[in-house]
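First the structure, in the form of C-alpha coordinates, and then the observations on it.
The values are calculated or read from the model by the stated rules, or taken from the named source; none is laboratory data. Everything numeric here is computed off the predicted structure, so don't read it as measured data. As a convention, Cβ positions derive from the backbone with ideal geometry for all residues, glycine included, and neighbour counts pool all protein chains shown. The area values use the complete protein model at the heavy-atom level, side chains included, leaving out ligands, DNA and RNA. Shrake-Rupley method; radii C 1.70, N 1.55, O 1.52, S 1.80 Å.
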Amino acid sequence: MSILLIAQNRDMKPVRDTLLREDPDLEVELWPAVRNPGAVQFAIAWNQPGEVFRQFPNLKAVSSFGAGADHLLSDPAIPPHIDILRLETDSIDRQMADYVEGACLQILRSFSQYMRQQMRGEWNQLPHTTREHLTIGILGLGRIGSLTARELANSGWNVSGWARSEKSLEGVRTFHGASELSGFLSATRILVCLLPLTNETEGILNLELFKKLKRPAHLINAGRGAHLVEEDLIYALDTGILQSATLDVFLEEPLPDTHPFWNRERVTITPHIAAITEPEDVAGQIVENYKRVISGMKPLHVIDRSRGY
Ligand code: GLV
(Lines give C-alpha, C1' and ligand atoms only; values in the text may rest on other atoms or scores of the structure.)
Protein backbone atom coordinates (compact mmCIF):
# COMPACT_ATOMS: atom_id res chain seq x y z
CA MET A 1 0.00 0.00 0.00
CA SER A 2 1.36 3.40 -0.91
CA ILE A 3 0.66 7.09 -1.47
CA LEU A 4 1.50 8.50 -4.87
CA LEU A 5 2.60 12.13 -5.30
CA ILE A 6 2.13 13.44 -8.78
CA ALA A 7 2.59 16.93 -10.18
CA GLN A 8 3.91 18.71 -13.22
CA ASN A 9 5.67 22.07 -12.68
CA ARG A 10 6.01 21.48 -8.94
CA ASP A 11 8.73 19.60 -7.09
CA MET A 12 6.97 17.12 -4.81
CA LYS A 13 10.16 15.87 -3.07
CA PRO A 14 9.71 18.26 -0.13
CA VAL A 15 6.15 16.94 0.22
CA ARG A 16 7.43 13.37 0.30
CA ASP A 17 10.07 14.29 2.91
CA THR A 18 7.48 16.05 5.08
CA LEU A 19 5.09 13.09 4.88
CA LEU A 20 7.88 10.74 5.90
CA ARG A 21 8.73 12.97 8.87
CA GLU A 22 5.05 12.83 9.84
CA ASP A 23 5.00 9.03 9.57
CA PRO A 24 8.31 7.24 8.78
CA ASP A 25 6.50 3.97 8.04
CA LEU A 26 4.67 5.35 5.01
CA GLU A 27 5.36 4.04 1.53
CA VAL A 28 5.49 7.15 -0.69
CA GLU A 29 5.88 6.96 -4.46
CA LEU A 30 6.99 9.96 -6.48
CA TRP A 31 5.73 10.12 -10.05
CA PRO A 32 7.06 9.33 -12.68
CA ALA A 33 9.47 6.77 -11.12
CA VAL A 34 6.76 4.62 -9.56
CA ARG A 35 8.17 1.29 -8.39
CA ASN A 36 4.91 -0.55 -7.74
CA PRO A 37 1.84 0.96 -9.46
CA GLY A 38 -0.40 -1.87 -8.19
CA ALA A 39 0.24 -0.85 -4.56
CA VAL A 40 -0.92 2.76 -4.99
CA GLN A 41 -4.20 3.31 -3.13
CA PHE A 42 -4.16 7.04 -2.54
CA ALA A 43 -2.78 9.86 -4.69
CA ILE A 44 -2.07 13.55 -4.20
CA ALA A 45 -2.17 15.34 -7.53
CA TRP A 46 -1.57 18.78 -8.93
CA ASN A 47 -1.64 19.50 -12.64
CA GLN A 48 -1.35 15.80 -13.45
CA PRO A 49 -0.74 14.63 -17.04
CA GLY A 50 -3.72 13.22 -18.91
CA GLU A 51 -4.34 9.45 -18.72
CA VAL A 52 -1.80 8.96 -15.93
CA PHE A 53 -4.36 7.58 -13.47
CA ARG A 54 -5.09 4.61 -15.74
CA GLN A 55 -1.78 3.12 -14.50
CA PHE A 56 -3.03 2.58 -10.94
CA PRO A 57 -5.67 -0.15 -10.87
CA ASN A 58 -6.05 -0.20 -7.06
CA LEU A 59 -6.48 3.51 -6.49
CA LYS A 60 -9.23 4.33 -3.96
CA ALA A 61 -9.08 8.13 -3.60
CA VAL A 62 -7.27 11.11 -5.10
CA SER A 63 -6.71 14.38 -3.31
CA SER A 64 -5.91 17.70 -4.89
CA PHE A 65 -2.73 19.30 -3.58
CA GLY A 66 -4.73 22.50 -3.20
CA ALA A 67 -8.14 23.85 -2.33
CA GLY A 68 -9.52 23.45 -5.84
CA ALA A 69 -10.09 20.02 -7.36
CA ASP A 70 -11.37 20.95 -10.82
CA HIS A 71 -8.28 19.34 -12.40
CA LEU A 72 -9.36 16.02 -10.88
CA LEU A 73 -13.10 16.34 -11.49
CA SER A 74 -12.46 16.92 -15.18
CA ASP A 75 -9.97 14.04 -15.54
CA PRO A 76 -11.62 11.18 -17.48
CA ALA A 77 -8.92 8.77 -16.29
CA ILE A 78 -10.29 8.93 -12.72
CA PRO A 79 -13.21 6.48 -12.55
CA PRO A 80 -16.48 7.71 -10.96
CA HIS A 81 -16.24 5.40 -7.91
CA ILE A 82 -12.97 7.03 -6.78
CA ASP A 83 -13.36 9.68 -4.07
CA ILE A 84 -11.95 13.07 -5.02
CA LEU A 85 -10.76 15.23 -2.11
CA ARG A 86 -9.46 18.72 -1.55
CA LEU A 87 -7.14 20.18 1.06
CA GLU A 88 -8.56 22.56 3.62
CA THR A 89 -6.23 24.54 5.81
CA ASP A 90 -6.30 27.78 7.75
CA SER A 91 -3.09 28.79 6.01
CA ILE A 92 -4.67 28.57 2.53
CA ASP A 93 -7.68 30.62 3.72
CA ARG A 94 -5.47 33.23 5.36
CA GLN A 95 -3.14 33.60 2.38
CA MET A 96 -6.12 34.18 0.13
CA ALA A 97 -7.62 36.77 2.48
CA ASP A 98 -4.24 38.55 2.55
CA TYR A 99 -3.93 38.43 -1.24
CA VAL A 100 -7.38 39.92 -1.76
CA GLU A 101 -6.90 42.59 0.88
CA GLY A 102 -3.50 43.48 -0.59
CA ALA A 103 -5.03 43.81 -4.05
CA CYS A 104 -7.88 45.97 -2.68
CA LEU A 105 -5.40 48.25 -0.89
CA GLN A 106 -3.39 48.45 -4.10
CA ILE A 107 -6.51 49.61 -5.92
CA LEU A 108 -7.42 52.05 -3.12
CA ARG A 109 -3.96 53.65 -2.94
CA SER A 110 -2.88 53.23 -6.61
CA PHE A 111 0.43 51.56 -5.74
CA SER A 112 0.78 50.00 -9.21
CA GLN A 113 0.38 53.33 -10.94
CA TYR A 114 2.84 55.00 -8.54
CA MET A 115 5.33 52.18 -9.17
CA ARG A 116 5.10 52.79 -12.89
CA GLN A 117 5.40 56.55 -12.36
CA GLN A 118 8.53 55.97 -10.26
CA MET A 119 10.06 53.93 -13.07
CA ARG A 120 9.47 56.90 -15.35
CA GLY A 121 10.82 59.35 -12.72
CA GLU A 122 7.42 61.03 -12.58
CA TRP A 123 6.00 62.96 -9.56
CA ASN A 124 2.24 63.10 -10.07
CA GLN A 125 -0.52 62.88 -7.45
CA LEU A 126 -3.38 60.75 -8.79
CA PRO A 127 -7.06 61.27 -7.90
CA HIS A 128 -7.79 59.93 -4.43
CA THR A 129 -10.69 57.81 -3.23
CA THR A 130 -11.72 56.28 0.10
CA ARG A 131 -12.73 52.76 0.99
CA GLU A 132 -16.40 53.71 1.51
CA HIS A 133 -16.57 54.27 -2.24
CA LEU A 134 -15.09 50.91 -3.13
CA THR A 135 -17.62 48.24 -2.12
CA ILE A 136 -16.00 44.83 -2.49
CA GLY A 137 -18.18 42.03 -3.86
CA ILE A 138 -16.96 38.49 -3.33
CA LEU A 139 -18.20 35.80 -5.70
CA GLY A 140 -18.08 32.52 -3.77
CA LEU A 141 -18.67 32.21 -0.04
CA GLY A 142 -17.20 28.81 0.68
CA ARG A 143 -14.62 28.49 3.41
CA ILE A 144 -12.05 30.71 1.67
CA GLY A 145 -14.56 33.30 0.42
CA SER A 146 -16.23 33.56 3.84
CA LEU A 147 -12.99 34.14 5.71
CA THR A 148 -11.89 36.70 3.13
CA ALA A 149 -15.23 38.52 3.35
CA ARG A 150 -15.19 38.57 7.16
CA GLU A 151 -11.59 39.78 7.34
CA LEU A 152 -12.24 42.59 4.88
CA ALA A 153 -15.38 43.61 6.76
CA ASN A 154 -13.39 43.60 10.04
CA SER A 155 -10.85 45.90 8.40
CA GLY A 156 -13.56 48.44 7.67
CA TRP A 157 -14.38 47.71 4.03
CA ASN A 158 -17.95 47.58 2.74
CA VAL A 159 -18.26 43.95 1.72
CA SER A 160 -20.95 41.95 0.04
CA GLY A 161 -20.87 38.37 -1.08
CA TRP A 162 -22.70 36.15 -3.52
CA ALA A 163 -23.05 32.37 -3.41
CA ARG A 164 -25.18 29.76 -5.12
CA SER A 165 -27.08 29.01 -1.93
CA GLU A 166 -28.08 31.27 0.94
CA LYS A 167 -25.33 32.25 3.41
CA SER A 168 -25.25 34.54 6.37
CA LEU A 169 -22.04 36.26 7.49
CA GLU A 170 -21.69 38.89 10.15
CA GLY A 171 -20.87 42.30 8.72
CA VAL A 172 -21.29 41.12 5.12
CA ARG A 173 -24.30 41.77 2.91
CA THR A 174 -25.10 38.46 1.25
CA PHE A 175 -26.89 37.59 -1.99
CA HIS A 176 -27.61 34.20 -3.48
CA GLY A 177 -28.76 32.43 -6.60
CA ALA A 178 -29.05 33.62 -10.18
CA SER A 179 -31.92 35.99 -9.36
CA GLU A 180 -29.81 38.03 -6.92
CA LEU A 181 -26.63 38.21 -8.98
CA SER A 182 -27.49 41.46 -10.79
CA GLY A 183 -28.38 43.22 -7.51
CA PHE A 184 -25.07 42.07 -6.02
CA LEU A 185 -23.12 43.32 -9.06
CA SER A 186 -24.81 46.71 -9.25
CA ALA A 187 -23.41 47.69 -5.83
CA THR A 188 -19.93 46.21 -6.42
CA ARG A 189 -16.88 48.29 -7.38
CA ILE A 190 -14.21 45.64 -6.72
CA LEU A 191 -15.34 42.21 -7.88
CA VAL A 192 -13.39 39.30 -6.39
CA CYS A 193 -13.78 35.80 -7.85
CA LEU A 194 -13.16 33.01 -5.34
CA LEU A 195 -15.58 30.52 -6.89
CA PRO A 196 -14.83 26.87 -7.54
CA LEU A 197 -14.60 26.08 -11.25
CA THR A 198 -17.69 24.13 -12.32
CA ASN A 199 -19.78 23.89 -15.49
CA GLU A 200 -21.95 26.66 -14.06
CA THR A 201 -19.13 29.05 -13.17
CA GLU A 202 -16.89 28.57 -16.22
CA GLY A 203 -16.82 31.86 -18.17
CA ILE A 204 -18.83 33.70 -15.49
CA LEU A 205 -16.44 36.67 -15.67
CA ASN A 206 -17.66 37.94 -19.02
CA LEU A 207 -18.61 41.22 -20.64
CA GLU A 208 -22.29 40.97 -19.74
CA LEU A 209 -21.37 40.60 -16.08
CA PHE A 210 -18.74 43.37 -16.14
CA LYS A 211 -21.33 45.77 -17.56
CA LYS A 212 -23.51 45.27 -14.46
CA LEU A 213 -20.82 46.43 -12.03
CA LYS A 214 -20.83 49.88 -10.49
CA ARG A 215 -18.25 51.99 -12.32
CA PRO A 216 -15.39 52.50 -12.31
CA ALA A 217 -14.99 48.84 -11.47
CA HIS A 218 -12.05 46.54 -10.79
CA LEU A 219 -11.64 42.78 -11.06
CA ILE A 220 -9.60 40.45 -8.86
CA ASN A 221 -9.55 36.84 -10.07
CA ALA A 222 -7.98 34.32 -7.73
CA GLY A 223 -10.38 31.49 -8.64
CA ARG A 224 -9.42 29.77 -11.88
CA GLY A 225 -8.37 31.06 -15.27
CA ALA A 226 -11.39 29.47 -16.94
CA HIS A 227 -13.76 31.68 -14.92
CA LEU A 228 -12.64 34.57 -17.11
CA VAL A 229 -13.41 35.17 -20.76
CA GLU A 230 -10.05 36.73 -21.56
CA GLU A 231 -11.06 38.69 -24.67
CA ASP A 232 -14.03 40.17 -22.75
CA LEU A 233 -11.61 41.46 -20.12
CA ILE A 234 -9.46 43.16 -22.75
CA TYR A 235 -12.55 44.77 -24.29
CA ALA A 236 -13.84 45.87 -20.88
CA LEU A 237 -10.47 47.45 -20.01
CA ASP A 238 -10.15 49.16 -23.37
CA THR A 239 -13.65 50.63 -23.18
CA GLY A 240 -13.44 51.77 -19.53
CA ILE A 241 -16.05 49.27 -18.29
CA LEU A 242 -13.30 47.98 -16.03
CA GLN A 243 -10.53 50.14 -14.63
CA SER A 244 -8.12 47.37 -13.65
CA ALA A 245 -7.70 43.63 -13.25
CA THR A 246 -5.55 41.73 -10.76
CA LEU A 247 -5.12 38.17 -11.99
CA ASP A 248 -3.50 35.23 -10.22
CA VAL A 249 -4.87 32.44 -12.44
CA PHE A 250 -4.94 31.98 -16.20
CA LEU A 251 -6.36 29.69 -18.83
CA GLU A 252 -2.82 28.67 -19.70
CA GLU A 253 -0.20 28.56 -16.94
CA PRO A 254 2.55 29.64 -17.04
CA LEU A 255 1.06 32.58 -18.93
CA PRO A 256 2.60 32.39 -22.45
CA ASP A 257 5.28 35.01 -23.23
CA THR A 258 3.23 36.44 -26.06
CA HIS A 259 -0.02 36.77 -24.08
CA PRO A 260 -1.59 40.24 -24.44
CA PHE A 261 -2.10 40.58 -20.65
CA TRP A 262 1.65 41.04 -20.11
CA ASN A 263 1.78 44.43 -21.80
CA ARG A 264 -1.32 45.98 -20.26
CA GLU A 265 -0.71 48.69 -17.67
CA ARG A 266 -4.08 48.05 -16.06
CA VAL A 267 -3.47 44.33 -15.55
CA THR A 268 -1.52 43.13 -12.52
CA ILE A 269 -0.26 39.57 -12.93
CA THR A 270 0.83 37.20 -10.18
CA PRO A 271 1.93 33.63 -11.03
CA HIS A 272 -0.75 31.57 -9.21
CA ILE A 273 0.59 32.38 -5.74
CA ALA A 274 -2.52 33.72 -4.00
CA ALA A 275 -2.65 30.63 -1.77
CA ILE A 276 0.30 28.27 -1.79
CA THR A 277 0.04 24.82 -0.23
CA GLU A 278 2.91 24.38 2.21
CA PRO A 279 3.84 20.72 2.89
CA GLU A 280 4.08 21.31 6.69
CA ASP A 281 0.50 22.60 6.78
CA VAL A 282 -1.02 19.64 4.99
CA ALA A 283 1.10 16.62 5.94
CA GLY A 284 -1.11 15.69 8.91
CA GLN A 285 -4.27 15.96 6.83
CA ILE A 286 -2.81 13.87 3.99
CA VAL A 287 -1.61 11.12 6.33
CA GLU A 288 -4.95 11.02 8.13
CA ASN A 289 -6.82 10.74 4.85
CA TYR A 290 -4.49 8.03 3.58
CA LYS A 291 -5.09 6.00 6.74
CA ARG A 292 -8.83 6.52 6.45
CA VAL A 293 -8.78 5.36 2.84
CA ILE A 294 -6.75 2.20 3.44
CA SER A 295 -8.89 1.23 6.41
CA GLY A 296 -12.15 1.72 4.48
CA MET A 297 -13.30 4.87 6.36
CA LYS A 298 -14.76 7.91 4.62
CA PRO A 299 -11.94 10.43 4.00
CA LEU A 300 -12.19 14.12 4.95
CA HIS A 301 -13.07 16.91 2.52
CA VAL A 302 -14.62 14.76 -0.20
CA ILE A 303 -15.90 16.73 -3.19
CA ASP A 304 -19.55 16.33 -4.10
CA ARG A 305 -19.15 15.38 -7.75
CA SER A 306 -22.67 16.47 -8.66
CA ARG A 307 -22.06 20.02 -7.37
CA GLY A 308 -18.44 20.12 -8.49
CA TYR A 309 -17.06 21.38 -5.16
C1 GLV B 1 -4.78 26.82 -5.70
O2 GLV B 1 -5.11 27.26 -6.74
C3 GLV B 1 -5.54 25.85 -4.96
O4 GLV B 1 -6.51 25.30 -5.49
O5 GLV B 1 -5.19 25.63 -3.79
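Over the chain, Cα pairs under 8 Å with separation of 6+ residues give a relative contact order of 17 percent.
Summing +1 for each Lys or Arg and -1 for each Asp or Glu, what net charge is found among the other residues whose Cβ lies under 13 Å from the Cβ of Ala163?
It works out to a net charge of +2.
In straight-distance terms, cross-link reach from Lys291 covers every one of the lysines whose alpha-carbon lies under 19 Å from its own, apart from those fewer than eight places away in the same chain; here that gives Lys60.
So, by mean Cβ neighbours within 10 angstrom, what's the order for 245-255, 189-199 with the highest one leading?
Per-residue mean Cβ counts within 10 Å order the peptides as 189-199, 245-255.
Each helix, a run of at least 4 DSSP H residues, gives -39500 (n - 2.57); summed and divided by the residues of the chain, these come to -8500 deg cm²/dmol at 222 nm.
Which net charge results for the neighbourhood of Asp83, defined as the other residues with beta-carbon distances under 12 angstrom from its beta-carbon, given Lys and Arg at +1 and Asp and Glu at -1? Before the final figure, lay out each step's value.
Numbers: positive: Lys60, Arg86, Arg292, Lys298, Arg305; negative: Asp304.
Its environment carries a net charge of +4.
Counted by Cβ distance under 10 Å from Pro271, the other residues give a net charge of -2, where Lys and Arg count +1 and Asp and Glu count -1. Taking the 1.4 Å solvent-accessible surface of the range 188-309 as the whole, the part contributed by carbon and sulfur is 49%.
Full extension of the segment from Ser306 to His133, taken as 0.36 nm per residue of separation minus the current Cα-Cα distance, would add 58.4 nm.
Counting only aspartates and glutamates at least 8 places from Lys13 when in the same chain, those with an alpha carbon closer than 20 Å to its own are Glu22, Asp23, Asp25, Glu27, Glu29, Glu278, Glu280, Asp281, Glu288. Taking all protein chains together and a 1.4 Å probe, the residues Tyr309, Tyr99, Tyr235 rank Tyr235, Tyr309, Tyr99 from largest to smallest accessible area.
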